[in-house]
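What follows is a single structure, written as structure tokens, with notes after it.
Nothing in this text is a laboratory measurement; each read-out follows from the coordinates by a stated rule. Please read all numbers here as calculations on a predicted model, not as lab measurements. Note: ideal-geometry Cβ built from the backbone for every residue, glycine included; neighbour counts use all protein chains shown.
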Amino acid sequence: MHNSDTCRIVVLISGNGSNLQAIIDQIDTGTIPAEIVAVISNNETAHGLERAKKSHISTAVVNNKQFDNREEYDKALADCIDQYQPDLVVLAGFMRILTPEFVNHYLGRMINIHPSLLPKFRGLNTHQRAIDAGEIKHGVSVHFVTPELDNGPVIVQSVVQIQKNDSVQSLADKVHKEEHKIYPLAISWFAMGRIKFDQEKLTFDEKELAQPIVLE
Ligand code: NHR
Ligand code: GAR
């Protein structure tokens, strides 16, 4: 961390922001030595912006529809983020694919939560795809973001069981509950300097983490 011991976090959202809320709550209770310095959305109607305002956190909107291409959008987004000098960028339901230039600028200091047991089901509609594939286990992964979509090194996963009568909604509800536990946990590890990703290597307490930590 730069200079001080409080990790400066910028959170990127597109929608509801329930993961943002879980992070805010854990910071408030003192379990994460960090401060959210801004919440930025591509979508001005994202409910998460209201959550941030309620907690007196700065907000900004960088609307992708106002840009001609992904490169221009990502430049504007990075300019906005960098004004806040974050130590960590947290993707929390951010729904735009990011260019390699953008990702490389934040390499080792940007993480994402993805609703599947990676490497299974990269991309979108993961709950439907897990049910359609007849999986009996599903879950959620927190990973460092690398240029290849949902392919960065996984820090921690949480597993949920798929029952025969599960719908997309009932499965999503179970996964969300786990998300709200493991995202604050992973962020606390980063903020305490326990997990690092540099030179292609993921470490936990200075030891290489070859497999993700799995909570069952
Ligand atoms: N960018 C890179 N380079 N690497 C990753 O690992 C990324 C990323 C951007 C976002 C989150 C991700 C997820 O967890 C994420 C990881 C959006 C899409 C997508 O297809 C896919 C994956 C993720 C986020 N977005 C559409 C697009 O055209 C838009 C979809 C929409 O607006 O609803 O960008 O799953
Ligand atoms: C979460 O389930 C997250 O895993 C998923 O979007 C939801 C956001 O919920 N992310 C993606 O699908 C990324 N493509 P939230 O806005 O309530 O935190």
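Some notes on this structure:
- Relative packing of 123-134, 140-151, which averages over residues the other C-beta atoms within 10 Å, highest first: 140-151, 123-134
- For residue 152, residues with placed amide H under 5 Å, excluding near neighbours: 146
- The mean sequence distance of close C-alpha pairs (under 8 Å, at least 6 residues apart), as a share of the length of the chain, puts its relative contact order at 19 percent.
- For residue 202, distant residues with modelled amide H under 5 Å away: 209
- Once the Cα-Cα distance is subtracted from the 0.36 nm per residue extended length, the residue 176 to residue 216 segment shows a gain of 12.9 nm.
- Each of residue 120 and residue 149 was given a label point 7 Å from its Cα along the Cα-to-Cβ line. The distance between the two points is 2.0 nm.
- Using C-alpha pairs below 8 Å separated by at least 6 residues, the relative contact order for region 1-121 is 31 percent.
- Prolate/oblate/rounded call for region 1-100, Cα gyration tensor, a/c under 1.5 rounded: oblate
- Compactness relative to 2.2 N^0.38 Å, alpha carbon Rg of region 93-216: 1.06
- Amide H to amide H, with H built 1.01 Å from N, residue 12 comes under 5 Å of 40, 90, 91, 92, counting only residues 5 or more places away or on other chains.
- Our coupling estimate for region 115-122, obtained by passing each phi through the Karplus curve with A = 6.51, B = -1.76, C = 1.60 and θ = phi - 60°, is x, 7, 8, 4, x, 6, 6, 5 Hz, Gly and Pro reported as x.
- Non-local lysine pairs in region 111-215, meaning eight or more places apart or on different chains, with alpha-carbon distances under 15 Å, amount to 5.
- Segments 198-208, 29-39 sorted - mean Cβ within 10 Å per residue, highest first: 29-39, 198-208
- DSSP assigns beta bridges within the chain; of those with both partners inside it, close to 45 percent run antiparallel.
- Solvent-free Debye scattering, log10 I(q)/I(0), computed from the Cα coordinates of region 152-216 at q = 0.17, 0.23, 0.28, 0.29 Å⁻¹: -0.66, -0.96, -1.21, -1.26
- Here the label points at residue 67 and residue 5, each 7 Å from Cα along the C-beta direction, are separated by 3.7 nm in the simple model.
- Principal axis dimensions, the chain - Cα atoms, whole angstrom, descending: 48, 42, 34
- Derived scalar couplings ³J(HN,Hα) [region 191-204; Karplus, 6.51 cos²θ - 1.76 cosθ + 1.60; whole Hz; x for Gly, Pro]: 5, 7, x, 7, 10, 9, 10, 8, 6, 6, 10, 9, 10, 10
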